[in-house]
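Inspection log for the structure reproduced underneath, given as structure tokens.
Rule-based calculations on the coordinates, nothing more; no lab input. A quick note: this is a predicted structure, and the numbers were derived from the prediction, not measured. Counting neighbours? That spans all protein chains shown, and the Cβs are built from the backbone with ideal geometry, glycine included.
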Amino acid sequence: MTFDPFGDFETRGYLRNVARTKDTKIIRQLEHTSFTTGLDAAFTKLAARRKLTYEDVLGTHKILFEAVYPWAGEDRMANAPGIGVSKGPVLFARPDLIRRSVDYALEKGQDKAFMLARPGEVMGHLAYAHPFLDGNGRTIMVVHSVLAHRAGFSVNWAATDKTDYLNALTEEIENPKANALNTYLKPFITAPVANNGLAAALVAAPGLDGQSANTVAGQISDPALQERYRAQELAREEVQKQG
């Protein structure tokens, strides 16, 4: 099923991309080129920020994907507030709660002791927020790499396995009590990569091809979807209180 939150795929292509193409192969090529071309600029801009904020996450997405999507840098609350978004079994944050989840991740990620001890948990909150209609994984990996660097370490993403990482991330989002992503990432924690090497280190990471598509989970007004959101939020709030 085509991911078509705007309802105009046939006339404007996938997510209103600048090329108006419906060909997913072309889209992924455009995304990859835009991402790799923008990485250095994204890292440079984040390095200049004393404290990272939600606006920095939006700005990072804009730098990385504005060559492909005219809405780059806009979150789902801005451009798709009425729908829920999922990927496989994972239901991402309700649009009006995206910022809260990212703010929490940034708060914990900028606590150096917390970030060093629980980098997977920080990544899980960023991934659960899923601020954008596309480009989330790459955007949050850039932000996470900066948070890790400031906490005095790096993740050796090149040594990770795409399937194992995504399985751990899925479990982290669905069951934050399980500590799955902290456990998975622990063997890959290394000394910090130099600032000028962050882009190259990230490009080497598996799983940044954006091949797995989002789906529309339903309308926010749907009672069944609202119940799923309520159960999900209760579980996450319980973990946050313990942290």
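Legend: ranking of residues Tyr184, Tyr229, Tyr14 from fewest to most surrounding C-beta atoms inside 10 Å; resulting order Tyr229, Tyr184, Tyr14.
Based only on Cα atoms, what Rg/Rh ratio does the chain have, Rh being taken as Kirkwood's radius? Could the numbers behind the result be given before it?
On the way: Rg = 17.0 Å, Rh = 18.1 Å.
Across the chain, the Cα-based Rg/Rh ratio is 0.94.
Once you reduce the stretch 50-109 and the stretch 129-171 to the center of their Cα atoms, the two points are 14 Å from each other. Each of the trypsin sites (Lys or Arg not before Pro) that DSSP puts in a loop and that has at most 13 other Cβ atoms within 10 Å breaks the chain; the longest unbroken stretch is 52-243. Mind giving me the FRET efficiency for Ala224 and Glu10? R0 is 30 Å, r the Cβ-Cβ distance, nearest 0.05 is fine. Step by step, r from the Cβ atoms, then E = 0.60. With the simple model of a label 7 Å out from the Cα in the direction of the Cβ, Ala213 to Lys22 spans 1.1 nm. Label point of Asp164 set 7 angstrom out along Cα-Cβ; within the stretch 171-205, amide nitrogens under 11 Å from it belong to 184-188. For the cross-link pairs Lys45/Lys108; Lys62/Lys112; Lys22/Lys186; Lys25/Lys177, the ones whose C-alpha atoms lie over 30 Å apart are Lys22/Lys186; Lys25/Lys177. Taking only complete DSSP H runs, can you tell me which helices of the chain stretch 15 Å or more along their own long axis by Cα positions and average at least 0.0 on the Kyte-Doolittle scale? Result, helices passing both filters: 24-47, 54-65, 119-129, 136-150. Largest GNM mean-square fluctuation among Thr21, Thr163, Thr183, using the chain with Cα springs under 10 Å: Thr163.
Please report Asp111, Asp56, Asp134 as a ranked list, fewest other C-beta atoms within 10 angstrom at the top and most at the bottom. Can you show the working numbers first?
Details: Asp111 15, Asp56 19, Asp134 22.
Fewest to most other Cβ atoms nearby, the residues stand as Asp111, Asp56, Asp134.
With a cut-off of 16 Å on the backbone N, the residues of the stretch 142-174 near the modelled label site 7 Å out from Val239 along Cα-Cβ are 165-174.
Placing R0 at 35 angstrom, the Cβ-Cβ distance between Ala78 and Phe114 gives a FRET efficiency of 0.75 after rounding to 0.05. Counting neighbouring beta carbons within 10 Å and listing from fewest to most, the residues Val155, Val90, Val102, Val18 come out as Val18, Val90, Val155, Val102.
Rank Ile140, Ile98, Ile189 by mean-square fluctuation in a GNM of the chain with C-alpha springs under 10 angstrom and give only the top-ranked residue. Largest GNM mean-square fluctuation: Ile189.
Using the Cα centre as the reference, give the magnitude of the dipole from point charges on the C-beta atoms of the chain (Lys, Arg: +1; Asp, Glu: -1; all else neutral), rounded to the nearest 20 debye. Mind dumping the intermediate values first?
Numbers: 28 positive and 28 negative charges, 99 e Å.
For this selection, approximately 480 debye.
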